Amino acid sequence: MKITEKTWEALLQYGKDILLALLVLIVGILLTKIILKVARKLLDKSSLDESVYKFLLNTLKYVVYVLIFIVVLTCLHVPTAPLVTVLGAGGAAIALAMKDSLGNVASGIIILINRPFIRGDFIETAGASGVVQGIDLMVTTLKTYDNKIIAVPNGAITSSVLVNHTKEETRRVDFKFTVGYDSDLSKVRDTLLAVAESCPDVFKTPEPFFGVSAHGDSAIEIEFKVWCETPKYWGVKYYLQEQVKIAFDEADINIPYPQMDIHMVK
């Protein structure tokens, strides 16, 4: 009789533990839905990229699930200390094995939050350049002007110098020309300004800049700088390069090239 009573008490206690565990599980699932709903509303108000948005929500969901699982096991009087130890050791082992990948993920989150560039920007970084096609947690995809696709690890981007050529609305186009020492610099200046004025995409303000940068061995080096809208940068650059050569030829402005005179002594 005593054994039966003890068995009944044990079954009754075990049944209570199961009911408590089920209650914790149900409440936990409901709380998870509420937490995720609140998190979505908060994240919707932010300007986070979609990739970061999904990553944060999924991370939060799995963390809450793990916590609920541990609490359920506690209700069933299952020792959780070994489980936590195993999870910690397993997480450390996985982190060590995937340190490069996790580093890229961390870098991806930094890029998506700080936004040094966005889709459509032309960037130069980590020895690669191109138009940004996509920003994922692991890699950033670039498309070159000759239609190649480059996948750059995010860790390489955050650990190297990044140049964003299209972040600003306007951009300066820099030129270097050489003219002979017998050239009239006033004539050279007027010719360059006339060519710049003939291009409708060159800004009137700021005005084009003309300056003598150096006296070379065989030529005077000229710097000429104009401003334009960023999307029209290459059009302006190629137009002025071509038209300056034509204008110099028409104005009889000599463009010297390095040469060496050899005098033969008889």
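The values are calculated or read from the model by the stated rules, or taken from the named source; none is laboratory data. This structure is a prediction, so every number in the text was calculated from the model and none was measured. With ideal geometry, Cβ positions are generated from the backbone for all residues, glycine too; neighbour counts draw on all protein chains shown.
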**OP:** Taking only region 107-133 into account, find how many residues are surrounded by 13 or more Cβ atoms within 10 Å (Cβ to Cβ) and out of contact with any helix residue (DSSP H, G or I) (no Cβ under 7 Å at 6 or more places or on another chain).
**Re:** 14
Subject >> Checking Lys167 against (1) assigned to a loop (DSSP other than H, G, I, E, B); (2) exposed (fewer than 14 other Cβ atoms within 10 Å of the Cβ); (3) of a type in the set (Lys, Arg), the condition it does not meet >> reply: (2)
**OP:** Only residues that are more than 15 Å from Val244 (Cα to Cα) and among the basic types (Lys, Arg): list them for region 185-228, please.
**Re:** Lys204
Original post:
Can you name the condition, by its number, that Pro200 falls short on among (1) crowded, with 17+ Cβ neighbours inside 10 Å; (2) at pLDDT 95 or above?
Top reply: (1)
**OP:** Say whether the condition of being of a type in the set (S, T, N, Q), loosely packed, with under 12 Cβ neighbours inside 10 Å and part of a helix (DSSP H, G or I) is met by at least one residue in region 185-193.
**Re:** yes
Subject >> Unmet criterion (only one of (1) charged (D, E, K, R); (2) under 30 Å from Ile118 (Cβ atoms); (3) touching a Ser or Thr at 6+ places or on another chain (Cβ under 8 Å)) for Glu223 >> reply: (2)
Original post:
Is it the case that some residue within region 82-103 is assigned to a helix (DSSP H, G or I), outside the structural domain of Gly130 (by TED's automatic domain parsing) and at pLDDT 80 or above?
Top reply: yes
Original post:
For region 234-250, does any single residue satisfy the condition of being hydroxyl-bearing (Ser, Thr, Tyr) and surrounded by 19 or more Cβ atoms within 10 Å (Cβ to Cβ)?
Top reply: yes
**OP:** Looking at (1) at pLDDT 75 or above; (2) surrounded by 10 or more Cβ atoms within 10 Å (Cβ to Cβ); (3) not hydroxyl-bearing (Ser, Thr, Tyr), find the lone condition where Leu48 falls short.
**Re:** (1)
Original post:
Can you tell me how many residues in region 126-174 are β-branched (Val, Ile, Thr) and closer than 25 Å to Tyr53 by Cα?
Top reply: 10
**OP:** Output the residue which, of all residues in region 60-81 that are farther than 18 Å from Ile34 by Cα and not aliphatic (A, V, I, L, M), is modelled with the lowest pLDDT.
**Re:** Thr80
**OP:** Can you confirm whether region 136-159 contains a residue that is under 25 Å from Lys225 (Cβ atoms), polar (S, T, N, Q) and either surrounded by fewer than 16 Cβ atoms within 10 Å (Cβ to Cβ) or not assigned by TED's automatic domain parsing to the domain that holds Lys232 (or both)?
**Re:** no
Subject >> Residues (of a type in the set (D, E, K, R), outside any strand (DSSP E or B) and without any contact (Cβ under 8 Å) to a residue 60 or more places away in the chain) located in region 116-138 >> reply: Arg119, Asp121
Original post:
Asp182 passes all but one of (1) over 21 Å from Gln241 (Cα atoms); (2) surrounded by 14 or more Cβ atoms within 10 Å (Cβ to Cβ); (3) touching a residue at least 12 places away in the same chain (Cβ under 8 Å); (4) more than 12 Å from the chain's Cα centre (by Cα); which number fails?
Top reply: (2)
**OP:** Kindly provide the set of residues from region 216-266 that are among the charged types (D, E, K, R), free of Cβ contacts under 8 Å to residues at least 40 places away in the same chain and part of a helix (DSSP H, G or I), ordered by number.
**Re:** Lys232, Glu242, Lys245, Asp249, Glu250
Original post:
In region 194-215, how many are outside any helix (DSSP H, G or I), more than 17 Å from Thr178 (Cα to Cα) and in contact (Cβ under 8 Å) with a residue 24 or more places away in the chain?
Top reply: 4
**OP:** Considering every residue within region 117-126, establish whether at least one is out of contact with any Lys or Arg (no Cβ under 8 Å at 6 or more places or on another chain), within 25 Å of Thr230 (Cβ to Cβ) and of a type in the set (Gly, Ala, Ser).
**Re:** yes
